[in-house]
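Have a look at the structure below before the remarks.
Coordinate-derived values only; no laboratory data. Source: prediction; values computed, not measured. A quick note on method: Cβ atoms are made from the backbone with ideal geometry, for glycine too, and the neighbour counts reach across all protein chains shown.
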Amino acid sequence: MVGSAIVRLLLDSRYSKLRRDQLILRTHEELDLANQAEVRKFFETEKPQQVYLAAAKVGGIHANNTYPADFIYQNLMVEANIIHEAWKVGVKKILFLGSSCIYPKQAPQPMTESSLLKGVLEPTNEPYAIAKIAGIKLCESYNRQHGTDYRSVMPTNLYGPGDNYHPENSHVIPALIRRIHEAKEEMEAQSIPANLHSVNIWGSGTPRREFLFVDDMAAACIHVMNLDQSIYEANTLPMQSHINVGFGEDITIRELAITIAKVIKYKGSLTFDSSKHDGAPRKLMDSTLLNNIGWRPKVALCEGLKIAYQDFLNTHKLSIREK
């Protein structure tokens, strides 16, 4: 999702002067980033000038709880392979994409960059968080030892075109879009009255989360990558390579679900299963540093959800046709 958005914006004249033939693109089928030999051959052959490291194994609470070994192993291997092999062929600039889950579960809100490693992580996604922290420290360590300019951005929860709508392994917004859409279809197909139909949602609905439209994230990535090194270093903390990218406001999961239901025009009720994991009680990023160096989000949540829902409908129809 993020990689596709970065490509879209790199080819948009409002954000970049690059041509498509100046981008080096590979699908997962063409290049296994967890395979060191394949990554080494790729960098020795292509020798790119800049690298956007957006590839990762990601998922929601259920996926993180079910596949912790996959999450820590695959993410560690991808970032270690890319950062090391890029350095070996002389790549001076890398932008590594982390995650807001790097911060402690009880980090003061909103979370600042200085909160890193100041407390215990949220247990439900600790393996993924540790892998992302390792990526930040890889960037910092190569900068210290080899004089590279490897930067890290920590996005809040992302959504938008290209998202994963898997019923079990997706993040909260695509999961809710799919479940509420399917509930609407069921209610209409079976002529069930709205007052007799409901969607059950994982958790209490009380945790607060921040959401950023993926094209805003892509714009932030290009902005940070192209900042003059002196400006970037002057606006980040000593020996730090990471900077937060957030929307600036958060919302409860209950409020989010209600908003998605309105976008989809689902008229049934929403119920919440408080026996399920909630995760961290609140996750709001402090994006002051990035705001101070010229970037702010543009897409409001309701507007972004409408675009995301249309993307789901397009994907959903394609899936039906393929079957």
Selection from Met187, Pro123, Gly3 lying farthest towards where the dipole of region 2-322 points positive, charges on Cβ: Gly3
Is it possible to state the helix-based mean residue ellipticity at 222 nm for the chain, with each DSSP H run of 4+ residues giving -39500 (n - 2.57), the sum divided by total residues, to the nearest 500 deg cm²/dmol? What is it? -14000 deg cm²/dmol
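Hey, fewest Cβ within 10 Å first, where do Thr27, Thr124 land in order?
Numbers: Thr27 7, Thr124 20.
Lowest count first: Thr27, Thr124.
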If contacts are Cα pairs under 8 angstrom and at least 6 residues apart, what is the relative contact order of the chain in percent? 21 percent
Once phi is turned into θ = phi - 60°, what whole-Hz ³J(HN,Hα) does the Karplus curve with 6.51, -1.76 and 1.60 give for every residue of region 152-159, x standing for Gly and Pro? 10, 10, 10, x, 6, 5, 10, 7
Alpha-carbon centroids, region 76-127 and region 137-183: separation in whole Å: 11 Å
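In the structure displayed, which of Lys137/Lys306; Lys93/Lys298; Lys47/Lys306; Lys57/Lys276; Lys132/Lys265; Lys283/Lys306 lie more than 32 Å apart, Cα to Cα? Show your work: numbers first, answer last.
Working: Lys137/Lys306 37 Å; Lys93/Lys298 26 Å; Lys47/Lys306 40 Å; Lys57/Lys276 23 Å; Lys132/Lys265 37 Å; Lys283/Lys306 23 Å.
Where the Cα-Cα span goes over 32 Å, the pairs concerned are Lys137/Lys306; Lys47/Lys306; Lys132/Lys265.
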Footprinting exposure proxy for Ser114, Ser241, Ser4 (fewest neighbouring C-beta atoms within 10 Å first): Ser114, Ser4, Ser241
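Using a ≥ b ≥ c from the Cα gyration tensor of region 80-168 (square roots of the eigenvalues), is it rounded, prolate or oblate, where a/c under 1.5 gives rounded and otherwise the larger of a/b and b/c decides, a/b for prolate?
Working: a/c = 2.16, a/b = 1.38, b/c = 1.57.
Note, shape of region 80-168 comes out oblate.
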Taking θ = phi - 60°, what integer Hz values does the Karplus form 6.51 cos²θ - 1.76 cosθ + 1.60 yield along region 243-260, in sequence order, with x for Gly and Pro? 9, 6, 10, x, 7, x, 9, 10, 8, 6, 4, 4, 4, 4, 4, 4, 5, 5
Which residue, chosen from Met77, Ser114, Leu290, occupies the Cα position most advanced towards the positive end of the dipole of the chain, where the dipole is computed from +1 (Lys, Arg) and -1 (Asp, Glu) charges on Cβ about the Cα centre? Leu290
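What list do you get for Arg144, Arg208, Arg14 if you sort them by fewest beta carbons within 10 Å?
The fewest-first ordering by Cβ neighbours comes to Arg14, Arg144, Arg208.
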HN-Hα J in Hz across region 225-231 - Karplus 6.51, -1.76, 1.60, θ = phi - 60°, x for Gly and Pro: 4, 8, 5, 4, 4, 5, 5
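Mean separation of Cα pairs under 8 Å and 6+ residues apart, divided by the residue count of region 141-283: what relative contact order is that in percent? Please report the intermediate quantities before stating the final value.
Values: 184 pairs, mean separation 57.0, N = 143.
Here the relative contact order equals 40 percent.
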Counting only residues 5 or more apart in sequence or on a different chain, those whose built amide H sits under 5 Å from that of Leu53 are Leu95, Phe96, Leu97
Given H placed on each backbone N at 1.01 Å, which residues far from Leu284 in sequence or on other chains put an amide H within less than 5 Å of it? Met111
Once amide H atoms are placed 1.01 Å from N in the peptide plane, what residues at a sequence separation of 5 or more from Ile243, or on another chain, have their amide H within under 5 Å of its amide H? Ser152, Val153, Met154
Before anything else, pin down the relative contact order of region 69-182: Cα pairs under 8 Å, at least 6 apart, normalised by residue count, whole percent. 30 percent
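Charges at C-beta only: +1 for Lys and Arg, -1 for Asp and Glu. How large is the resulting dipole of region 2-322 about its Cα centre, in Debye rounded to 20?
420 debye
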Answer in debye to the nearest 20: the dipole magnitude of region 226-299 about its Cα centre, from +1 Lys/Arg and -1 Asp/Glu charges placed on Cβ, is 520 debye
